[in-house]
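Values quoted throughout were computed directly from the atomic coordinates according to the rules given, and no laboratory measurement underlies them. A quick note: this is a predicted structure, and the numbers were derived from the prediction, not measured. Here Cβ is always computed from backbone atoms with ideal geometry, including for glycine, and neighbour counts include all displayed protein chains.
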């Protein structure tokens, strides 16, 4: 993914980057539809009689493919221009929605392939391409830019997911997904024609005009992530926290229904979780730019841990209002993790190979999805996450993740006060 040789001035860079940020955020609303599976799964289960636990697996597969494709996309962008790489992502998303329209009434395996593999992979590749391209324009405010774009991604399932739910209610599941395929393809292709990576000298120009702490392209570590112990300690926290978040997001509507919440309000809860997911990305991005990485990690970790314990209590006591409040908090905590990953990639490993490092760090979501699937299958009496037994397990997982964050904080502070790492 090539960059223009020169940008002219910092004023030119700042003017262009605002426009690209706005366009990217709008485009990521469409990619955020991958998170709306909880909304789609309910009418599919009702109309075609599929098992809810099996349908929840579609979302887990989508998240795994999302992460793997994001990593592969970082290599694709080295051999293809941004426009061509985004065209591949657009095609995969469209084929995924079309496949879901065809397989919804016929085959669970078909939905695993269409929505899980194709939609998940297409959205993951497009996500990394867009985030990496636009963040290259914001080396001095990567928390802010990541937060704004990821807010768009998180709000996609609220704004477009709710609209898609209404559309499906009017025209039916098959035609509804066909419309989604056309819209998603058109939006991503349109974005590919206007979005450009930053020029080679953008960071140096902005560094001269900025006193911010994150304007440099250098990272704390001069080694690749896989050679740094700090990376693995971070990944443990991220994997455990993501596993809790994915478990909630993938079955939030079903959980609300189990606790007696009205169907329409249960759909609203999904939308509100998406709202919190989106708001957190902007809020945590601003928090990172102001207070740094550790405050961001502990804000997310504490919120996830307390909320997981509260959800366990809500199922044990059948108190729906506790479940709803805790779900919104999980949505906030879970939504912050991609922003934290973006900041961690840039701060610790610099701008060089940012797209690959960011995608490598985001593999935590794939591993977290596998962990979620495994724990649900072992702990759940009915194959779903909508019970106290499962959430007791995930509450313990969240506590262990928070303890790991304490270890990460010690290592991180030591790194700040030492020379760049050499794999130590």
Binning at 20 angstrom from zero up to the longest distance, how are the C-alpha pair distances of the chain distributed in percent?
29, 58, 13, 0
What do you get for the angle between helix 263-291 and the principal long axis of the chain? Use alpha-carbon atoms, 0 to 90 degrees, nearest ten.
20
To the nearest 10 degrees, the tilt of helix 173-194 (Cα long axis) against the first principal axis of the alpha carbons of the chain is 0
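Return the inverse of the average 1/r over all pairs of distinct C-alpha atoms in the range 1-122, which is the Kirkwood hydrodynamic radius, in Å to one decimal.
Result for the range 1-122 stands at 16.1 Å.
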Span from the the range 109-126 Cα centroid across to the the range 37-96 one, whole angstrom
3
The range 10-416: relative contact order in percent, alpha carbon pairs under 8 Å with at least 6 residues between
24
Using only Cα atoms, tell me the angle between helix 229-258 and the longest principal axis of the chain; keep it within 0 to 90° and round to the nearest 10.
30
Rounded to two decimals, what is Rg over Rh for the range 222-273 when you use alpha-carbon atoms and the Kirkwood radius?
1.31
With label points built 7 Å along Cα→Cβ from the Cα atoms of residue 80 and residue 171, find their separation and express it in nm.
2.7
Order these by the 10 Å Cβ neighbour count, fewest first: 281, 17, 413.
413, 17, 281
Cβ density ranking, 10 Å radius, fewest first, applied to 16, 106, 346, 78 yields 106, 78, 16, 346
Which of 195, 175, 98 fluctuates most in a GNM of the chain (C-alpha springs under 10 Å)? That residue is 175
Normalise the Cα radius of gyration of the range 67-197 by 2.2 N^0.38 Å (N = residues in it) and let me know the number.
1.10
